[in-house]
Amino acid sequence: MAEDRKRILVVDDDDGVRTSIARILRASGYEVITAVDGFDALKLVEDELEPDLLLIDIRMPGMDGVETFQKLRALCPALVAIFMTAYSTSEKTVEANEQGALNVLSKPLEISSLLELVISGLNTSPVLIADDDPDLLKSIARALHANGIAVETATSLRDAALRLRQRPNRVVVADVFLEDGHGYELLQDDPERGSENPLILITGHAAWLNGETAKSLEGKVVCLPKPLDIQQLIEQVNRS
């Protein structure tokens with residue numbers, strides 16, 4: 001496979017839907033592999049056909065789309081998923097969103113919306129910034145954008161955790177003290193986070209930086225004080 005040619009795994013037990021989507025995606029220049037159910041999808045990935053994006057039906061016999069996604073994520077931790085369903089109000093739709101679906105599309109699919117979402121899903125995972133100060137959030141995002149760094153923002157711990165589940169294994173910049181929790185709680189959503197994709201904590205509380213919690217996080221996070229040195233933050237992001 002050429003380096004710039006992305007591979008998409010399409011999983012649907014409906015032959016017509018699966019074939020139609022695969023044809024559309026191939027015509028758009030993507031490499032497409034297909035699976036008739038969750039078991040077939042797992043076998044493909046276990047055979048080292050790792051996809052860049054998963055497009056999967058929620059309701060399938062034997063193993064549904066949500067369970068399949070969970071098992072595929074264990075094999076491909078950075079996998080981004082788009083779900084499809086004819087039952088947009090089902091409990092499984094809610095579960096898919098909670099598990100980190102990038103989106104859940106209703107059937108019959110609107111092709112232009114599907115292709116736009118595929119492009120979004122395949123884009124390099126942006127840096128996630130979480131801060132409940134809107135002015136600081138905009139300032140950081142603007143500075144990173146100006147240096148060619150793609151950014152996604154969140155204003156709460158809950159929002160950040162959801163976005164991290166959607167796109168794991170990326171650099172996260174989070175304020176220590178958010179209105180609904182602490183930025184370091186994001187480690188719970190990504191316990192294997194390491195130096196290649198660090199959690200960068202920012203805070204204006206000098207006492208916290210010198211306290212026991214900060215010391216317990218040494219080696220797991222990078223801590224930067226406020227007022228924030230934007231150039232220092234950019235250098236830290238670029239090293240990741």
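Couple of notes before you dig in:
- Total lysine pairs whose alpha carbons fall under 30 Å of each other in the chain (8 or more apart, or interchain): 15
- Over the chain - Rg/Rh using Cα atoms and the Kirkwood inverse-distance radius: 1.02
- Paramagnetic label zone (point 7 Å from Cα along Cα-to-C-beta, Lys138; backbone N under 18 Å) in the range 198-225: none
- Centroid-to-centroid separation of the range 31-83 and the range 107-147 [C-alpha atoms, Å]: 24
- The fraction of accessible area contributed by carbon and sulfur in the chain is 46 percent, rounded to a whole number (1.4 Å probe; ligands and nucleic acids excluded).
- Mean separation of Cα pairs under 8 Å and 6 or more residues apart, divided by the residue count, gives the chain a relative contact order of 12 percent.
- Whether the range 132-240 is rounded, prolate or oblate, judged on the alpha carbon gyration tensor where a/c under 1.5 counts as rounded: rounded
- In order along the range 138-152, the Karplus-derived 3J(HN,Hα) couplings, from 6.51 cos²θ - 1.76 cosθ + 1.60 at θ = phi - 60°, round to 5, 5, 5, 4, 5, 5, 5, 4, 5, 9, x, 9, 6, 10, 10 Hz, and Gly and Pro are given as x.
- Working note: 222 nm ellipticity from helices only, DSSP H runs with n ≥ 4, each -39,500 (n - 2.57), summed and divided by the residues of the chain, gives -11500 deg cm²/dmol to the nearest 500.
- Which of Asp159, Asp229 is most accessible, then next, and so on - probe 1.4 Å: Asp229, Asp159
- Axis angle, to the nearest 10 degrees, between helix 111-122 and the longest C-alpha principal axis of the chain: 50 degrees.
- Considering only beta bridges that DSSP places wholly inside the chain, some 5 percent are antiparallel.
- All Cα-Cα distances of the range 123-195, cut into 10 Å bins from zero to the largest, leave 21, 56, 24, 0 percent in each bin in turn.
- Under 5 Å from the amide H of Ile129 lie the amide H atoms of Glu152, Thr153, Ala154, Val173, each residue being 5 or more positions distant or on a separate chain, with H modelled from the backbone and absent for Pro and chain starts.
- Here the Karplus curve 6.51 cos²θ - 1.76 cosθ + 1.60, taken at θ = phi - 60°, turns the phi angles of the range 18-28 into couplings of 4, 5, 5, 5, 4, 5, 5, 5, 5, 5, 8 Hz, with x standing for Gly and Pro.
- Full extension of the segment from Arg5 to Glu46, taken as 0.36 nm per residue of separation minus the current Cα-Cα distance, would add 12.7 nm.
- Label-point gap, in nm, between Gln188 and Leu75 - each point 7 angstrom along Cα→Cβ: 3.0
- Counting 0.36 nm for each residue step from Arg158 to Ser112 and taking away their Cα separation leaves a gain of 13.5 nm.
- Net length available on complete extension from Lys215 to Arg23 is 63.8 nm, with 0.36 nm assigned per residue and the Cα-Cα distance removed.
The values are calculated or read from the model by the stated rules, or taken from the named source; none is laboratory data. Because the structure is predicted, anything quoted here is derived from the model rather than measured. With ideal geometry, Cβ positions are generated from the backbone for all residues, glycine too; neighbour counts draw on all protein chains shown. Surface accessibility is based on the protein's heavy atoms, side chains included, excluding ligands, DNA and RNA. Shrake-Rupley method; radii C 1.70, N 1.55, O 1.52, S 1.80 Å.
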